[in-house]
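Everything on this sheet refers to the single structure shown next.
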């Protein structure tokens, strides 16, 4: 029954897979989705990250929070023990069910918190202008985190939910061939 419901949802959705043939940063990946968005809000889910929650509750919570606040960017965060050099990190104004983001930074030496940014987002199309305005940064790549920080500097609302205790895995860490880049594959769902 659950599988049938899933396929009904897929049939009524517009899903595009965006391939990035060489590593240029996650901001570049999202920018490649611009022709598919049609000036509508859209969900981005990186192909190298997966989260398992009962009934996809993390996605449902993200969508509900987005609907309630309609921010320019809606992020997912997770408490991690040491976010240095592995994650983008967020500093929040208060630890609430739907948090207002004060600051984000990509792979910091000195993280502002232990809140790592997970690669599941909802964006308004204005994220594309922010990506166009930033340049390459960490690793010489266009970082999506830098574009989100640009939105914050422009005083655009950026919110987040925190993922609870659930299975979390990064396929990138397990499947990356030694010494070779692993291209980003990103799923995008528009018309939220």
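The values are calculated or read from the model by the stated rules, or taken from the named source; none is laboratory data. Just so you know, these numbers come straight off a predicted model, no measurement behind them. With ideal geometry, Cβ positions are generated from the backbone for all residues, glycine too; neighbour counts draw on all protein chains shown.
Some notes on this structure:
- Residues in the stretch 104-139 that are assigned to a helix (DSSP H, G or I), within 18 Å of the chain's Cα centre (by Cα) and either touching a residue at least 24 places away in the same chain (Cβ under 8 Å) or closer than 14 Å to residue 79 by Cα (or both): 127, 128, 130, 131, 132, 138.
- Residue ID - modelled with the highest pLDDT, chosen from residues in the stretch 72-123 that are closer than 19 Å to residue 142 by Cβ and surrounded by fewer than 14 Cβ atoms within 10 Å (Cβ to Cβ): 86
- Selection within the stretch 39-69 - without any contact (Cβ under 8 Å) to a residue 40 or more places away in the chain and closer than 23 Å to residue 27 by Cβ: none
- Unmet requirement for residue 49, which otherwise passes all of (1) modelled with pLDDT of 90 or more; (2) surrounded by fewer than 22 Cβ atoms within 10 Å (Cβ to Cβ); (3) closer than 24 Å to residue 35 by Cβ; (4) touching a strand residue (DSSP E or B) at 6+ places or on another chain (Cβ under 9 Å): (1)
- Scan of the stretch 154-188 for residues that are in contact with a helix residue (DSSP H, G or I) (Cβ under 9 Å, 6 or more places away or on another chain) and at pLDDT 50 or above, ordered by number: 154, 156, 157, 158, 159, 160, 161, 163, 164
- So residue 101, is it under 16 Å from the mean Cα position of the chain (by Cα) and within 14 Å of residue 158 (Cα to Cα): yes
- Members of the stretch 1-36 found to be loosely packed, with under 15 Cβ neighbours inside 10 Å and part of a loop (DSSP other than H, G, I, E, B), listed by number: 1, 12, 13, 14, 21, 22
- For the stretch 81-91, the count of residues that are assigned to a strand (DSSP E or B), under 17 Å from residue 162 (Cβ atoms) and in contact with a helix residue (DSSP H, G or I) (Cβ under 8 Å, 6 or more places away or on another chain) is nonzero.
- Of the numbered criteria (1) in contact with a helix residue (DSSP H, G or I) (Cβ under 8 Å, 6 or more places away or on another chain); (2) within 23 Å of residue 163 (Cβ to Cβ); (3) modelled with pLDDT of 85 or more, the one residue 64 fails is (1).
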